[in-house]
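The values are calculated or read from the model by the stated rules, or taken from the named source; none is laboratory data. Predicted, not measured: the structure shown is a model, and the values here were computed from it. Using ideal geometry, Cβ is built from the backbone for each residue, glycine included, and neighbour counts are taken over all protein chains shown.
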Amino acid sequence: MFQSDIDGLIRRQQSGWTLEQAFYRSPEIYQLEFQQVLSPQWLYVEHESELPEPGDFLTYEIGEESIIIVRGFDQQLRAFFNVCRHRGSQICLKKNGNIRRFVCPYHAWAYDLDGKLISARHMADDFDHSQHGLHRCQVEVLEGLIFISLASQGNAEFDQIRRNLLPYLKPHGLAQTKVAHREVYPTNANWKLAVENFRECYHCLPSHPQYSQVNDYVRAGERGSKAYEAMTKQFAEVARSKGRKAGMEHFPLPIQPHQVWRLPIQEGYRTLTRDGSPAGPLLGEFEEYDGAETATFIGALSYLYVTNDHATTFRFTPKTPEFTEVMVSWLVREDAKEGVDYDLEHLKWMWDVTTIQDTKIINDNQKGVNSSRYSPGRYSEHELSTANFVAWYLWRLSGPTDTECPIREARFFYEKMS
């Protein structure tokens with residue numbers, strides 16, 4: 001497929017409709033979207049509690065890239081492309097570990113934890129070690145959450161993302177949490193189908209009975225609910241009286257639009273568990289439960305949900321045009337002990353059962369999209385966030401442009417209630 005073919009596909013997309021089949025299957029489009037859409041993004045990788053000691057490292061693979069994230073002897077996190085500066089071999093062949101220096105297994109070139117080349121055997125006298133350090137990858141930390149950007153030049157948008165999200169996240173003390181459990185959900189579908197599903201709750205009532213049981217906004221959004229509307233207003237008044245955020249905000253940054261909200265979940269439920277009972281010790285500054293959830297979509301591939309006593313992160317990693325790795329991690333307070341302070345099955349119940357259901361939904365969606373009879377369908381009013389994602393995606397895929405991204409104002413459902 002040539003660029004002119006892709007440009008033609010983009011131009012003929014109908015606003016408010018799903019994408020044509022090629023966008024979910026074409027290897028050429030898959031390569032282009034890494035360049036235009038995903039590489040400039042800040043991508044969530046892991047919680048920094050997984051790298052507590054100097055020399056601790058992990059690798060993260062996305063597309064054709066492998067990134068090393070390491071804690072230096074000065075306690076700072078750094079990230080490097082996993083490519084030797086000699087002949088390009090990967091240096092780290094393990095997913096994680098602890099190391100004092102990086103040694104390429106091919107010809108034994110060695111690098112310190114700052115990425116500097118410290119040993120290169122049998123090179124000419126005029127060889128300049130200082131010009132052959134590892135290529136750096138941008139890395140940032142937000143409340144303990146590690147993000148990278150594959151962009152070759154500076155990406156200043158993270159400072160704005162931090163300013164926008166910190167007032168919502170700071171009370172939860174996420175920097176003082178740890179990973180209690182992580183689960184990988186292999187998804188046999190294009191990454192955009194996973195994202196489209198994740199950004200709408202049009203499917204929640206028929207497909208997620210457990211999720212709908214815990215989150216009252218699902219039924220309220222379907223049928224309207226004066227009771228839930230009153231609950232959200234009362235919650236907002238109490239939260240603001242304590243200097244905390246409530247409600248929903250959308251931030252339309254060109255490279256990485258993101259949104260965040262803090263809203264109540266269900267009358268009588270303290271947290272996101274089967275019966276609403278506590279999942280672990282309270283986080284951050286909270287001294288009691290307020291029965292609410294803070295959630296944020298940080299661009300296309302990174303998602304976070306936080307209650308008073310635990311957090312859940314979602315990391316979507318495209319692997320091929322029709323395969324996506326979905327990794328879910330559950331975070332608890334850093335001093336919490338399994339079997340004493342929390343029960344793992346109780347902790348992970350809601351998002352585990354929901355993600356298993358979503359995986360099947362998304363896999364079946366890809367199978368249908370692959371059919372010769374597939375054609376784009378129109379989004380409902382309850383899929384506005386998904387329609388906006390697709391509009392933004394096409395805008396980014398088309399390359400540099402002077403036009404603004406053609407999205408509609410996203411409002412939370414309760415603002416539409418009569």
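For the range 228-244, the tally of residues that are surrounded by fewer than 18 Cβ atoms within 10 Å (Cβ to Cβ) and assigned to a loop (DSSP other than H, G, I, E, B) stands at 2. Figure legend. Inter-residue proximity from the range 96-125: first residues of a type in the set (Ser, Thr, Tyr), second residues surrounded by 14 or more Cβ atoms within 10 Å (Cβ to Cβ), beta-carbon distance below 6 Å, spacing 6+ or different chains. Indicated pairs: Tyr106/Ser89; Tyr111/Phe102; Tyr111/Leu117; Tyr111/Leu134; Ser119/Ala110.
Annotation for the range 181-199: at least one member residue is under 18 Å from Ala295 (Cβ atoms), in contact with a Phe, Trp or Tyr (Cβ under 6 Å, 6 or more places away or on another chain) and either part of a loop (DSSP other than H, G, I, E, B) or among the small types (Gly, Ala, Ser) (or both). Are any of the residues in the range 245-255 among the basic types (Lys, Arg), within 27 Å of Leu301 (Cα to Cα), at pLDDT 90 or above and more than 20 Å from the chain's Cα centre (by Cα)? The answer is yes; a qualifying residue exists. Val103 meets all of the listed conditions (1) surrounded by fewer than 16 Cβ atoms within 10 Å (Cβ to Cβ); (2) in contact with a Phe, Trp or Tyr (Cβ under 9 Å, 6 or more places away or on another chain); (3) of a type in the set (Val, Ile, Thr) but one, namely (1).
Yes/no matrix, rows are residues, columns are (1) surrounded by fewer than 18 Cβ atoms within 10 Å (Cβ to Cβ); (2) in contact (Cβ under 8 Å) with a residue 24 or more places away in the chain; (3) farther than 25 Å from Gln256 by Cβ:
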site	(1), (2), (3)
Gln75	yes, no, yes
Gln90	yes, yes, yes
Lys94	yes, yes, yes
Asp128	yes, no, yes
Ile146	no, yes, no
Ser149	no, yes, no
Glu157	no, yes, no
Tyr168	no, yes, no
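Does the range 59-68 include one or more residues that are in contact with a helix residue (DSSP H, G or I) (Cβ under 7 Å, 6 or more places away or on another chain), buried (at least 20 other Cβ atoms within 10 Å of the Cβ) and hydrophobic (A, V, I, L, M, F, W, C)? No: the range 59-68 contains no residue that is in contact with a helix residue (DSSP H, G or I) (Cβ under 7 Å, 6 or more places away or on another chain), buried (at least 20 other Cβ atoms within 10 Å of the Cβ) and hydrophobic (A, V, I, L, M, F, W, C).
Taken together, the criteria exclude Asp358 from residues that are in a helix (DSSP H, G or I), of a type in the set (Asp, Glu) and more than 20 Å from the chain's Cα centre (by Cα). Residues in the range 282-314 that are touching an Asp or Glu at 6+ places or on another chain (Cβ under 8 Å) and part of a strand (DSSP E or B): Tyr305, Val306.
Checked against the criteria, Tyr185 counts as of a type in the set (Ser, Thr, Tyr), at pLDDT 90 or above, surrounded by fewer than 21 Cβ atoms within 10 Å (Cβ to Cβ) and in contact with a strand residue (DSSP E or B) (Cβ under 8 Å, 6 or more places away or on another chain).
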